[in-house]
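To start, the structure itself, in structure tokens.
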Amino acid sequence: MTKKPDYRFVYIIPVLIGITVVACVALLMFQMFAFTHSYLREEQFELREKVEDFIHDNYNLITHRKYSEVDKSLKNLSIRISIFDENKKLLASNIDKNDKYVEVEPFRDDIIYHINAVNAKRVKESGSVTIAGRVYYLKTYMPIDEMADLLNRSERNILITFLTGSLIVIILSLYLFYQVRNPFINLQQSAVKISNGDFSNEIFVPNGGPLVQLSLAIYKMAKKLKSQIEDLRKTEDFRKSFIEDISHEIKTPLTGILSSIGIMREFKDKYPEQVNKCVNILDNNANRLNNLVQQILSLAQIEDLSMLENKNFIKFDLKTTLENSVISCNSMLQNANMKVNLDIAEPVEIMGDIVLIEQAITNLIVNAVKYSKSSQIDIKMSHVGDMAVIVIKDYGVGISPNDVDHIFDRFYRVDKARSRELGGSGLGLAIVKNIVLLHNGTIELDSSVNKGCTFTLTLPTADFNYN
């Protein structure tokens, strides 16, 4: 049972940011309220002290009821005081002559009261006081405009901070949801399909966001993995085909050899003529087996060389190698009544293995002699830039475009029956291709039915710069 994916990690960041914002706002609010409470306490004590100082300084004036003098004295105070008699009639004030005495609830340790007090921009207090046996009522307050504005601004800033933080959390949550969570889910689904061997669907790659590079990396990995799997399947198919072909190639001559040996044993005295025929069959099949084994070993040797960094190549003249290849095929060319036209503009030196290059040219000539049914072969070599170009052309039966794509595959033969009849194994052109690739060159075939074949080899010259 597949475990359901856990996507909670996507929300960890916005949740942590949200918690941090709330904690910071709560701490700031607590500090602001604590400061406000302490400030108002101090302002209230200061207000009471100033009221007491005023009463002390104006005690005689109040006792002798010189309220006009008291009123003048109030004008110089920074605090506001209204004095009422026992009937709560206004006697003196630096607030408003029409002011009335209103009982004010004593100062409390209450947050709401603190806020209201700050918004009112004053600290106020009302109460009665006895002077020279007479009761007076006092209404007092002290302005705190600047501090109130500062505290109100701080309160607004805290609120803005909270709203901004909340907005950031919302935006981040939406971003993570659309740019991380959804792409992550799609990417995970693609990865699960890949792990199950399903490469039918394309890997999801978002247009933007933090998962783009990861998605591209998985896409490239999946593409490479798919290619490698396809190569492995092709290799497996080739292995099966190789086993079938090599088994058939070896089984056919072995059958002839074994049959001939049996006949020779049975009739060697009675039918010497038949025994001679069997000897010829043995010789022919033994040669076929030997040729097949030699070509397989040659191909294996070339593949081993391709794995080495230092291939021990030497500098040699390609013109001489071409001439030697033609000379080695003279007997076959004469028997087939074929003519070779060799056209070499100038000597060209390359770095490589003389034996392998000569083998590649020889294989192409032999291939033309065996299968082309052409009356002549043109071999031309030219020097183009820092590349040597060899063109081997015949004017025979040619091959179809479908066969051109596979002509360099191992054991591939256009006409299998005719190839076996002529002793072909299907490895000659595969060996040529591997030799050319070993020398960092290229080989191409241009052919169509009844128009002959043109093989073009391109090999780097000795002064070629691989950088």
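The values are calculated or read from the model by the stated rules, or taken from the named source; none is laboratory data. Predicted, not measured: the structure shown is a model, and the values here were computed from it. Cβ placement follows ideal geometry from the backbone for every residue including glycine, while neighbour counts extend to all protein chains displayed. In case anyone asks, the SASA skips ligands and DNA or RNA and just uses the protein heavy atoms, side chains included. Shrake-Rupley method; radii C 1.70, N 1.55, O 1.52, S 1.80 Å.
Restricting attention to the stretch 67-118, and to residues there that are in a loop (DSSP other than H, G, I, E, B), of a type in the set (S, T, N, Q) and open to solvent by 30 Å² or more (accessible area, probe 1.4 Å), which single residue is modelled with the lowest pLDDT? Spell out how you get there, then give the answer.
Initially, the stretch 67-118 is screened for residues in a loop (DSSP other than H, G, I, E, B), giving 75-79, 85-89, 94-110.
After this cut, where a residue has to be of a type in the set (S, T, N, Q) as well, the list is 76, 78, 87, 94, 98.
If we keep only those that are open to solvent by 30 Å² or more (accessible area, probe 1.4 Å) too, we end up with 76, 78, 87, 98.
On the way: N76: 82, S78: 82, N87: 87, N98: 66.
Once the filter is applied, the top-ranked residue is N98.
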(message) Could you check the stretch 361-402 and list, in sequence order, the residues that are closer than 15 Å to D317 by Cα and crowded, with 20+ Cβ neighbours inside 10 Å?
(response) I361, M381, A388, I390
(request) Hey, could you check the stretch 337-349 for residues that are open to solvent by less than 40 Å² (accessible area, probe 1.4 Å) and either modelled with pLDDT of 90 or more or more than 52 Å from the chain's Cα centre (by Cα) (or both) and say which is nearest to S382 (Cα to Cα)? (result) V340
(message) Exactly one condition in (1) among the acidic types (D, E); (2) surrounded by fewer than 21 Cβ atoms within 10 Å (Cβ to Cβ); (3) closer than 19 Å to V369 by Cβ; (4) at pLDDT 80 or above is false for E444; which is it?
(response) (3)
(request) Enumerate the pairs (first residue in the stretch 149-171 and touching a residue at least 60 places away in the same chain (Cβ under 8 Å) and over 30 Å from V123 (Cβ atoms); second residue anywhere and of a type outside the set (V, I, T) and assigned to a helix (DSSP H, G or I)) with beta-carbon separation below 8 Å, excluding pairs fewer than 6 apart on the same chain, so at least 6 apart or on different chains. (result) G165/G18; G165/C24; S166/G18; V169/P14; V169/G18
(message) So, I12, is that one more than 17 Å from Y141 (Cβ to Cβ), at pLDDT below 80, of a type in the set (A, V, I, L, M, F, W, C) and open to solvent by less than 70 Å² (accessible area, probe 1.4 Å) or not?
(response) no
